[in-house]
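These notes concern the structure reproduced below.
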Amino acid sequence: MNDYVLAMKDLFEANANQGQAGPMAAYMRDQFPYLGIKTPQSVELQKRFYAERGLPPIADLDGILRDLWSLPQREFQYVGVGLLGQFEKTLPAEFIETLEYLLITKSWWDTVDSIAGGALGIHFKRYPDVRDVTLAKWRSSENFWLRRSCIIFQLGYKRETDFDLLKDIIRENLGSREFFINKAIGWALREYTRIDPLGVRDFVAQTPLNPLSAREALKWLENQEAKKGKITRNPVDILKNAA
């Protein structure tokens, strides 16, 4: 294991809080064990560590991230996500292989969403050719975390969102019974309602979305309209009328 990771491991283990570890693991449905270090403390520990040791060479980043992912306690994967964020604007094109590894290993919404909506989205912007090749593979993957990543990687794009691409990917996932897919569809559409509310409304009305996706898609928009005293229809009713 990389010495950089061993030093980080020692620091975090020295600050473990078993009284908090159980509730933290329970919140994540006991998918992973925890040291019991909550986010504010983790951030401070990382700041202290980087101030003393500095960031590692980018050439070592792949190995360091894989080492962090190999450790059982979930805080170390959070450290990895934070470290990845320090390099997200300078990663080489081939780092997509590392990003895929991180997405499909110890997968849960906490790490997947942070990577997909952060480093992955930036990587795809910087390397359109990498994006096209990767999406072509991931969109049809049996791994639903990769498909979720395809749905949400544009969350921070705002007006640069390729809405046609998003709609195509959503259509490919219609009929899915996977909660994390249907939730992601609603989330991505809800974010885009801030840019093109009519476009999202039309798409929801014309597309047989899962009711969860439809509710999530229009939640923000309907809350805004409710504040203005407007009457809006339930998205489930919209779907029934469109059928």
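The values are calculated or read from the model by the stated rules, or taken from the named source; none is laboratory data. As the structure is a computational prediction, the values presented were derived from the model and not from experiment. All Cβ positions, even for glycine, are placed from backbone atoms using ideal geometry, and neighbour counts span all protein chains on display.
Out of all the residues in the stretch 141-164, is one or more in contact with a Leu (Cβ under 9 Å, 6 or more places away or on another chain), surrounded by fewer than 17 Cβ atoms within 10 Å (Cβ to Cβ), not assigned by TED's automatic domain parsing to the domain that holds Ile122 and not in a helix (DSSP H, G or I)?
no
Let's see how each residue does on (1) farther than 22 Å from Ala25 by Cβ; (2) aromatic (Phe, Trp, Tyr); (3) without any contact (Cβ under 8 Å) to a residue 40 or more places away in the chain; (4) not assigned by TED's automatic domain parsing to the domain that holds Leu45:
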| site | (1), (2), (3), (4) |
| --- | --- |
| Asp60 | yes, no, no, no |
| Glu75 | no, no, no, no |
| Val79 | no, no, no, no |
| Ala93 | yes, no, yes, yes |
| Ile96 | yes, no, yes, yes |
| Tyr101 | yes, yes, yes, yes |
| Ser114 | no, no, yes, yes |
| Gly118 | yes, no, yes, yes |
| His123 | yes, no, yes, yes |
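In the stretch 1-36, which residues are in a helix (DSSP H, G or I) and among the basic types (Lys, Arg)?
Of everything in the stretch 1-36, just one residue is in a helix (DSSP H, G or I) and among the basic types (Lys, Arg), namely Lys9.
From the residues in the stretch 37-88 that are assigned to a loop (DSSP other than H, G, I, E, B) and in contact with a helix residue (DSSP H, G or I) (Cβ under 9 Å, 6 or more places away or on another chain), which one is surrounded by the most Cβ atoms within 10 Å (Cβ to Cβ)?
Ile37
Quick one: is Asn173 within 22 Å of Leu99 (Cβ to Cβ) and in the same structural domain as Trp108 (by TED's automatic domain parsing)?
Details: within 22 Å of Leu99 (Cβ to Cβ): yes; in the same structural domain as Trp108 (by TED's automatic domain parsing): no.
No; evaluated as a whole, the condition is false for this residue.
If Leu71 passes every condition in (1) aliphatic (A, V, I, L, M); (2) in contact with a Phe, Trp or Tyr (Cβ under 8 Å, 6 or more places away or on another chain); (3) closer than 11 Å to Val5 by Cα but one, which one does it miss?
The single condition Leu71 does not satisfy is (2).
Identify, by number, the condition in (1) assigned to a helix (DSSP H, G or I); (2) touching a Lys or Arg at 6+ places or on another chain (Cβ under 9 Å); (3) not small (Gly, Ala, Ser) that Arg215 doesn't meet.
(2)
In the stretch 107-145, how many are over 18 Å from Leu166 (Cβ atoms) and hydroxyl-bearing (Ser, Thr, Tyr)?
4
Residues of the stretch 183-212 being closer than 20 Å to Tyr157 by Cα and not in a helix (DSSP H, G or I), which ones?
Of the residues in the stretch 183-212, the ones closer than 20 Å to Tyr157 by Cα are 183-201, 203.
Once the filter is applied, which keeps residues that are closer than 20 Å to Tyr157 by Cα and not in a helix (DSSP H, G or I), the stretch 183-212 yields Arg194, Ile195, Asp196.
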